[in-house]
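Visitor: Below is the structure I would like to discuss, written out as structure tokens.
Throughout, read-outs are computed from the coordinates displayed, never taken from laboratory work. These numbers come from a predicted model, not from an experiment. Every residue, glycine among them, receives a Cβ derived from its backbone with ideal geometry; neighbour counts consider all protein chains shown.
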Amino acid sequence: MTEMEEEHGGEEGAFFELDTVNKANVTARLKEIKGDDDAKEEATVLKAWLELCDREADLKRKLKEAEADLDAKAYAKYPTLTEAETQALVVDDMWLAALSSAIHGEMDRISQALTQRVKELAERYETPIPQRVSKVADLEKAVDCHLRKMGFSWN
């Protein structure tokens, strides 16, 4: 449906006349162009879209029914579960899965924090100490020179 809307949504497209593409608007547009020989292609596209819309609604209804049936079967099964089966469902399937997820999340967080810290340290110490000492000595000479020009002296 989305592909059809994108493909036929331009100025010359079947959905151009519609403010919003929904079943009511498409049905109304089909009634408008009924019997118009120039709009046969548009009518074909709109009918195909309506068929997809009906199919989607039918599939959603079937899915909802299947989910309700599955829920009913699960609720009917709960009273017949043994203690071991209950423990397996609660501890193994739910609790351990949540615990595993939390542990992996914490490990990822710590790994990212360590990676960031290593990057910070690498940037901080990327200049070797001899180069820094040399730069400090050069800057110290420049400051001394400026202070002498200004008339300051010290021992």
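Visitor: Run down ALA66, ALA72 and say which single residue is of a type in the set (A, V, I, L, M), within 32 Å of the chain's Cα centre (by Cα), loosely packed, with under 14 Cβ neighbours inside 10 Å and assigned to a helix (DSSP H, G or I).
Guide: Values: ALA72 fails: within 32 Å of the chain's Cα centre (by Cα).
Only one candidate passes the filter, namely ALA66.
Visitor: Determine whether region 79-94 contains at least one residue that is under 30 Å from GLU5 (Cβ atoms) and not in a helix (DSSP H, G or I).
Guide: First, pick out the residues of region 79-94 that are under 30 Å from GLU5 (Cβ atoms): none.
There is no residue in region 79-94 that is under 30 Å from GLU5 (Cβ atoms) and not in a helix (DSSP H, G or I).
Visitor: What are the residues in region 15-52 that are more than 32 Å from the chain's Cα centre (by Cα), in a loop (DSSP other than H, G, I, E, B) and not β-branched (Val, Ile, Thr), if any?
Guide: GLU17, LYS34, GLY35, ASP36
Visitor: Of a type in the set (Lys, Arg) and either farther than 30 Å from MET4 by Cα or in contact with a strand residue (DSSP E or B) (Cβ under 7 Å, 6 or more places away or on another chain) (or both), is that true of LYS64? Reasoning before the result, please.
Guide: On the way: of a type in the set (Lys, Arg): yes; either farther than 30 Å from MET4 by Cα or in contact with a strand residue (DSSP E or B) (Cβ under 7 Å, 6 or more places away or on another chain) (or both): no.
Spelling it out, it is not the case that LYS64 is of a type in the set (Lys, Arg) and either farther than 30 Å from MET4 by Cα or in contact with a strand residue (DSSP E or B) (Cβ under 7 Å, 6 or more places away or on another chain) (or both).
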